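Below is one structure, written out as structure tokens; comments come after it.
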Amino acid sequence: MKYYILFGPPGAGKGTQAGAMVQNFHLCHISTGELLRSEIAAGTPLGLQAKSLIEAGELVPDEVVEGMIEAKFDAVKDVEGFLLDGFPRTVAQAEALDAMLAKRGEEVTAVVSIMIPDEMIHERIRHRAEIEGRADDARDEVVSNRIKTYHDKTEPLIGFYNPAGKYHEIDGTGTIETVRNRIFNLMNNF
């Protein structure tokens, strides 16, 4: 089983690229954002808790996200692997993922990181808010907090995965097809 982590700042194109990655490599896409949005839409206690945190640009507690991920690993069969999108976002989550996979006799295959400059993050997120009507993307102060949170809490994952040779960076600028070809060329090596 392969376990890919799709990594990059908000607005880098992870959601745009994930569908093609899943189809081309027969993976199950696990997007923590989608899992959480479905909980919010359903009005579950987890969804209500997550909604207030997300609206403030904060991260949802690790144990909640980890439980959702592990449940998905247990439930999904008949795929060649998983594409984790939005998890792990911190070194603590990466350590928890390693422990979760070690119990299964598995490990992270590769981190595919789509990188774009901060200025492009604001531009893309504003555009996404208009198209998808996502309230969590509409306010500049929330977007700025998400970028700061990414730099402070998520970028340290580069140092976590790089020494093991699992971190691979892709230039996220250019057309969707150009970025997709870069990703596919990388993933064909695993």
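Among the residues of region 66-81, is any without any contact (Cβ under 8 Å) to a residue 40 or more places away in the chain and in contact with a Lys or Arg (Cβ under 6 Å, 6 or more places away or on another chain)?
Checked region 66-81: no residue is without any contact (Cβ under 8 Å) to a residue 40 or more places away in the chain and in contact with a Lys or Arg (Cβ under 6 Å, 6 or more places away or on another chain).
Only one of Ser144, Ser113 is closer than 21 Å to Val22 by Cβ and either in contact with a strand residue (DSSP E or B) (Cβ under 8 Å, 6 or more places away or on another chain) or not charged (D, E, K, R) (or both); which?
After ruling out the rest, the residue left standing is Ser113.
Can you name every residue in region 120-143 that is open to solvent by 40 Å² or more (accessible area, probe 1.4 Å), among the aliphatic types (A, V, I, L, M) and at pLDDT below 75?
Answer for region 120-143, where residues must be open to solvent by 40 Å² or more (accessible area, probe 1.4 Å), among the aliphatic types (A, V, I, L, M) and at pLDDT below 75: Ala135, Ala138.
Got at least one residue in region 136-143 being free of Cβ contacts under 8 Å to residues at least 24 places away in the same chain and in a loop (DSSP other than H, G, I, E, B)?
So far as region 136-143 goes, yes, one or more of its residues are free of Cβ contacts under 8 Å to residues at least 24 places away in the same chain and in a loop (DSSP other than H, G, I, E, B).
Given Gly19, Gly33, which one is under 24 Å from Thr175 (Cα atoms), without any contact (Cβ under 8 Å) to a residue 12 or more places away in the chain and either assigned to a helix (DSSP H, G or I) or under 14 Å from the mean Cα position of the chain (by Cα) (or both)?
Result of the check over Gly19, Gly33: Gly19.
Looking for something open to solvent by 50 Å² or more (accessible area, probe 1.4 Å) and within 13 Å of the chain's Cα centre (by Cα) - is there at least one such residue anywhere in region 97-119?
Within region 97-119, not a single residue is open to solvent by 50 Å² or more (accessible area, probe 1.4 Å) and within 13 Å of the chain's Cα centre (by Cα).
How many residues are modelled with pLDDT of 90 or more and open to solvent by 50 Å² or more (accessible area, probe 1.4 Å) when one looks only at region 78-90?
2
Quick one: count up the residues across region 171-181 that are buried (at least 18 other Cβ atoms within 10 Å of the Cβ) and part of a helix (DSSP H, G or I).
Of the residues in that region, 2 qualify.
Could you count how many residues in region 144-170 are open to solvent by less than 40 Å² (accessible area, probe 1.4 Å) and not in a helix (DSSP H, G or I)?
Number of matching residues: 3.
The values are calculated or read from the model by the stated rules, or taken from the named source; none is laboratory data. Just so you know, these numbers come straight off a predicted model, no measurement behind them. Every residue, glycine as well, gets a Cβ built from its backbone with ideal geometry; the counts of neighbours run over all protein chains shown. The protein model used for the area step is the full one, side chains on, heavy atoms only, and it has no ligands, DNA or RNA in it. Shrake-Rupley method; radii C 1.70, N 1.55, O 1.52, S 1.80 Å.
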